[in-house]
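Enquirer: The structure that follows is given in the form of structure tokens.
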Amino acid sequence: MDQANRRQLVRTGTLSAGVLLLAALLLIVNYFGWKYYKRFDWTGSQLYSLSEKTVNVLKGLKRDIDFYVFLSPDEQQELYQPTSEVLARYGAVTRRVHVHMVDAAKNPLEAQQLIQRFGVTSTGVVVASGNDRRVIDSSDLAELDLRSMQATGRPQMTGYKGEQLFTSAILQLSEGHKPKILFITGHGEHALDDQGGHGLSGARQLLGRDNFDLSEWSSLGQAGVPAGTDLLVIAGPAGSFVKPELDAFAAYMTGGGRMLVMLDPTIGQGTGGGLVQTGLEAWLATYGVKVGQDIVVDPSNPLPFYGPVTIFSRNYGEHPITKALAEANLPVLVRLSRSVSKGSSPGLKVTELLRTSPEGWGETNLANLNKASRDGQDLGGPVPLAVAVEADPAPAGKKGLRLVALGDSDFATNDFLEGNVANTVLLSNAFNWLAEREALLGIPPKKTEQVKLTLTGGEFRNVLLLAAALPLLSAILGGYIFFRRRR
């Protein structure tokens, strides 16, 4: 074999080996990309990032969930894109989620069969598991701004609510039991159906998404707590509880009951400016909860247009209820709270959840709170505002009692829930911890935005020219290098 043929053989062998190595490298990269891929969200509002709560729910699934998306990619692009992306991220977390994009234009027969099967009358998403299903209408997936109707003829989508609705549907399908929550009435408590600023309609909607069954119940004149009750809630009583009621609560707790008590410092008339006694103060003391006869102030955390009794607090105790809030450094907004601190009770573990800054205190002179000043009779800061109580150790094979007590109920009302992420997290986490649904403790999805890039005709042409020029320049540069080397 002459030298020219030998060189040609070496070149051919080298080229063949390079091609084989490149093919092997591509196979390895694709394998690892398939097995260990990572999805990123580059949107400014983290539109496609799943919340910690959703991820925990998905990882805990014990049954398959099917999503059937009845949205047109052409006619409903604003909803189709975030829906398909969010559900793709659901499928990336667990193989128990299966997503079916139903395109009536491309597959009319399949679409018609599924429409008849699920009884769908409009566009939206069907979440199914076995013989059970939940239907989410497309109109519920978006928050719309109707003010743009006059200018564009169509409303503008300002927020996407898909993740909340999808996770709620999964909870409803996957849980065999829907926790039964009773809100006690008859003592001036906040009402569940009240849509005013002091009502709990927002809390009802928030907790409904976590698959709680909420209703009201009057404890006056009742022999005991109804059987099957998973949680009792007392939200801002203005009157007193009588001994038979407190005895019924105690019997319920002895059997492993769960209670959420939200008190308010109500100043009584004709009592020398003291606080109204609800009867819950002494009852809570038996569970290691010390309710102060004071109103908490914290001048170091002032809010515009509010006095020192309205507090932004981010001083959290170590507990599952407040863990996510502490990690995210989100402040809870509290209005007119009394101190609720850790006492002692054998067999119970009491943990402080929320405190003021070290400069706060519990004011016992309630005559003039706007000019309050700390003295020796006041409770020094940081002042505890809430505690959680649980059996310690938990009874073997039995359900141990759990209790959360807060010195304020306003934080859960419509005025303070709307637009305040920390308040919604605190309320939702308290309910889920009391119901032993630790998988749902976390930060809810962030407020979403739709971001669009609008280009003029000239700008669009420049983008096209740039897109065409880059490959052309690469080809010219490659050709130049090739011919330069041949010389």
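Rule-based calculations on the coordinates, nothing more; no lab input. Treat the numbers as computed from the prediction; the structure is a model and nothing was measured. Quick reminder, even Gly has a Cβ in these numbers, built from the backbone with ideal geometry, and neighbours come from all protein chains shown.
Enquirer: Work out the FRET efficiency for residue 476 and residue 95 from their Cβ-Cβ distance, taking R0 = 51 Å, and round it to the nearest 0.05. Walk me through the numbers before you get to the answer.
Expert: Working: r = 47 Å, r/R0 = 0.93.
After rounding to 0.05, the efficiency reads 0.60.
Enquirer: Quick one: what are the phi-derived ³J(HN,Hα) couplings along segment 63-77, Karplus 6.51/-1.76/1.60 with θ = phi - 60°, whole Hz, x for glycine and proline?
Expert: 9, 6, 10, 10, 10, 10, 9, 9, 9, 8, x, 8, 7, 10, 4
Enquirer: If you rank 187, 198, 177 by fewest surrounding Cβ atoms within 10 Å, what's the result? Working shown, then result.
Expert: Values: 187 21, 198 14, 177 10.
Starting with the residue having the fewest Cβ neighbours, the order is 177, 198, 187.
Enquirer: With the cut-off at 1.5 for a/c, could you classify segment 52-172 from its C-alpha gyration tensor as rounded, prolate or oblate?
Expert: Details: a/c = 2.07, a/b = 1.31, b/c = 1.59.
Since a/c reaches 1.5 but b/c is at least a/b, the shape of segment 52-172 is classed as oblate.
Enquirer: Another one. Residue 100's amide H: which non-local residues (gap 5+, or another chain) put their own amide H closer than 5 Å, with H modeled 1.01 Å from N in plane and none for Pro or chain starts?
Expert: When sequence neighbours closer than 5 places are left aside, the close amide H contacts are 67, 68, 69.
Enquirer: Would you pull out the residues with amide H under 5 Å of residue 310's amide H, same chain only if 5 or more places away, H placed 1.01 Å from N?
Expert: Residues meeting the criterion, in which the H sits 1.01 Å from N, are 336.
Enquirer: Assuming R0 = 51 Å, can you tell me the calculated FRET efficiency for the pair residue 438 and residue 6, based on Cβ-Cβ distance, to the nearest 0.05? Show your work: numbers first, answer last.
Expert: Values: r = 72 Å, r/R0 = 1.41.
Working from the Cβ atoms, E equals 0.10.
Enquirer: With Cβ to Cβ distances under 14 Å as the rule, what net charge do the other residues near residue 218 carry (K, R +1; D, E -1)?
Expert: -3
Enquirer: For residue 276 and residue 373 in the same chain, what is the full-extension length gain: residue separation times 0.36 nm, less their Cα-Cα distance, in nm? List each step's numbers first, then the result.
Expert: Values: separation 97, 0.36 × 97 = 34.92 nm, distance 2.23 nm.
Difference between extended and current length: 32.7 nm.
Enquirer: Working out 0.36 nm times the residue gap between residue 365 and residue 205, then minus their Cα-Cα distance, what length gain in nm do you get to one decimal? Please report the intermediate quantities before stating the final value.
Expert: Values: separation 160, 0.36 × 160 = 57.60 nm, distance 3.83 nm.
This chain segment gains 53.8 nm when fully extended.
Enquirer: Where does each of 252, 68 land when they are ranked from fewest to most other beta-carbon atoms within 10 angstrom? Spell out each step's value before the answer.
Expert: Values: 252 18, 68 22.
Final ranking by Cβ density, sparse to dense: 252, 68.
Enquirer: Also, quick follow-up: Please work out the FRET efficiency for the pair residue 193 and residue 17, using the Cβ-Cβ distance as r and a Förster radius of 60 Å; give the result to the nearest 0.05.
Expert: Given R0 = 60 Å and the Cβ-Cβ separation, E is 0.20.
Enquirer: Here's something else I'd like to know. Note the count of lysine pairs whose C-alpha atoms are less than 29 angstrom apart in segment 180-436, limited to pairs 8 or more residues apart or on different chains.
Expert: 27
Enquirer: So what J values fall out for segment 217-232 if you push phi through Karplus, 6.51 cos²θ - 1.76 cosθ + 1.60 with θ = phi - 60°, rounded to Hz, Gly and Pro as x?
Expert: Those phi angles translate into 8, 8, 7, 5, x, 9, 6, x, 6, x, 4, x, 6, 8, 7, 9 Hz.
Enquirer: While we're on this one: Do you know the Lys pair count in segment 52-172 for C-alpha distances under 26 Å, with sequence separation 8 or more or different chains?
Expert: Numbers: 53/62; 53/161; 59/161; 62/161.
Going through segment 52-172 pair by pair, I get 4.
Enquirer: Using the Cα gyration tensor of segment 180-436, with a ≥ b ≥ c the square roots of its eigenvalues, what is the shape: rounded (a/c below 1.5), prolate (a/b larger than b/c) or oblate (neither)? Could the numbers behind the result be given before it?
Expert: Details: a/c = 1.38, a/b = 1.31, b/c = 1.05.
Rounded is the answer for segment 180-436, as its axis ratio a/c remains below 1.5.
Enquirer: In addition: Work out, step by step, the length gained on full extension between residue 75 and residue 394: first 0.36 nm times the residue separation, then minus their alpha carbon distance; give nm to one decimal.
Expert: Values: separation 319, 0.36 × 319 = 114.84 nm, distance 5.55 nm.
That works out to 109.3 nm of additional length.
Enquirer: Also, I was wondering about something else. Give the order of 103, 375 when sorted by the count of other beta carbons within 10 angstrom, beginning with the fewest.
Expert: Listing 103, 375 from fewest to most nearby Cβ atoms yields 375, 103.
Enquirer: Here is a follow-up. Express the relative contact order of segment 52-172 as a whole percentage, based on alpha carbon pairs under 8 Å and six or more residues apart in sequence. Present the calculation step by step, with values, prior to reporting the outcome.
Expert: Details: 162 pairs, mean separation 31.3, N = 121.
Once normalised by length, the contact order is 26 percent.
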